[in-house]
Amino acid sequence: GWDHHDVTIQGMGWKEAAADIALCGLGWVAVTGAGPAKIRISVPKGIGVSVRPPLMPFDVWATTAKYTGSRATRKSSRDKWTGKRRKGVGRR
């Protein structure tokens, strides 16, 4: 089964994360945007969900992957500091 959590986050602009959604034992997602965002999080039963202030509020563009409803994509394929190609979300 699944647990569903509904949260509302007030965005502070596209260049600063407004909050992190932490999924216990799995990681976190930084949320950016302008204005209010209503988000439904669905996780397997037993996985805790919490909303916290962002750990890295201004690092959103260095490692950003965006989800627009159909497929996650990444803005750049090269790491800003090392110049190496990145792997992960949105990569083939």
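One table, with the values for the structure above:
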{"item": "Near pairs, Cβ below 6 angstrom, 6+ apart or cross-chain, from the range 1-22 (among the β-branched types (Val, Ile, Thr)) to any residue that is outside any strand (DSSP E or B)", "result": "Ile9/Ala18"}
{"item": "Complete set of residues in the range 1-27 that are farther than 14 Å from Asp59 by Cα and touching a Lys or Arg at 6+ places or on another chain (Cβ under 9 Å)", "result": "Gly1, Trp2, Asp3, His4, His5, Asp6, Val7, Thr8, Ile9, Ile21, Ala22"}
{"item": "Every residue from the range 8-25 that is loosely packed, with under 11 Cβ neighbours inside 10 Å and in a strand (DSSP E or B)", "result": "Thr8"}
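A short reminder: the numbers here are calculations on the coordinates, not readings from a lab. Because the structure is a prediction, the values reported are computed rather than measured. Neighbour counts are summed over all protein chains in view; Cβ atoms, including those assigned to glycine, are modelled from backbone coordinates with ideal geometry.
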